[in-house]
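To keep things clear, I will list the structure first and then write my remarks on it.
The values are calculated or read from the model by the stated rules, or taken from the named source; none is laboratory data. Predicted model, so just to flag it, every value in this text is computed and none were measured. Every residue, glycine among them, receives a Cβ derived from its backbone with ideal geometry; neighbour counts consider all protein chains shown.
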Amino acid sequence: MVTTDFSELILVLVRPLVKNPAAVKVTPREGERYLDYVLDVDPADVGRVIGRQGHVISALRTLVEGARDKRVNMKKIRLVINDQRHKKGSCREIVAILFAHIRRKKMNYYHVGKIVNTHGIRGEVKVMVTTDFPEERFAQGKQLIILKDNKPIKVTVEKARMHKGMELIKFAEFDSINDVQTFRDCFLSVTEADQAELAEGEYYYHQIIGLEVVTLEGRKLGTIKEILAPGANDVWVVERPKQSDLLLPVIDDVIKKIDLDAGRVEVELLEGLE
């Protein structure tokens, strides 16, 4: 027996999203484990209800879930979209449906360089290197990702060489300046699976950026926002509230403990650093 009816709430949420609100209907259907709400919409509006990458239906889930009284032992709620493009009576539960938590695995990319310009007319690009392993990352045949407008483009290194402090890279997929000039200011990246295993006590930049910085006495200084590599030692740029940035040289006398699990770094401030 359905003790709490969310039909009206779902109608109020869905009708403003579609072009044909008159076609929207909601029918409760109780099962052993779930309380389903079968949602009928115009076939042309199915995509609008789901949204790009499931964002709309995920937001609807959050809103309706917030209305559910969790103090009561209610069944989990799902929104089932009745796809009228299929034969009558069939229900296609789209994108794991509303309350079957939409989980999409997000691919993480880690920058190894930034394309700052083209070089010549045969498709080479000039790359500002941000990796400690340029010989490995830019070796012939290596796979890289160009992130253009947050969209990954897979490329293969055909050849690479150093020139005036920059890496000049030719990709196998492109042979002309016209093919690569739109990649200016794009990042070159690798996936998490392609990251090299580091020795104990070594860290990738992305592991350090965002860590909280505290002194040995427990005083909070700020958060690491950037890493500079001016010479023999890296320098961590610490963003401090209502103060100018603090520059910390990455040396044993200053960096005392890095705790990735706790998300923090303990440091000793030498005279003149602050």
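Taken over the stretch 117-132, the criterion of being of a type in the set (Asp, Glu) and farther than 14 Å from Ile227 by Cα is satisfied by Glu124 alone. Reported count of residues in the stretch 105-157, each being within 28 Å of Asp234 (Cβ to Cβ) and among the small types (Gly, Ala, Ser), is 2. All told, Leu216 meets the bar of being closer than 30 Å to Glu268 by Cβ, of a type in the set (A, V, I, L, M, F, W, C) and surrounded by 11 or more Cβ atoms within 10 Å (Cβ to Cβ).
Of the candidates Glu226, Glu274, the single residue that is of a type in the set (D, E, K, R) and over 28 Å from Met128 (Cβ atoms) is Glu274.
Residues considered: Lys151, Lys170. Of these, the only one that is among the basic types (Lys, Arg) and free of Cβ contacts under 8 Å to residues at least 24 places away in the same chain is Lys151. Going through the stretch 251-274 one residue at a time, which ones are among the aliphatic types (A, V, I, L, M) and surrounded by fewer than 15 Cβ atoms within 10 Å (Cβ to Cβ)? The answer is Ile251, Leu260, Ala262, Leu270, Leu273. Taking the stretch 109-212 and the helices (runs of 4 or more DSSP H) fully enclosed by it, the elements with 2 or more residues that are among the acidic types (Asp, Glu) are at 134-137.
Selection of the stretch 246-274 for residues being in a loop (DSSP other than H, G, I, E, B) and either among the aliphatic types (A, V, I, L, M) or at pLDDT 90 or above (or both) yields Val250, Ile251, Val254, Leu260, Ala262, Gly263, Glu268, Leu269, Leu270, Leu273. Taken over the stretch 7-26, the criterion of being modelled with pLDDT under 85 and of a type in the set (S, T, N, Q) is satisfied by Ser7 alone. Out of the residues in the stretch 100-151 that are closer than 30 Å to Ala59 by Cβ and hydrophobic (A, V, I, L, M, F, W, C), state the one that is modelled with the lowest pLDDT. Only one residue fits best here, namely Ile102.
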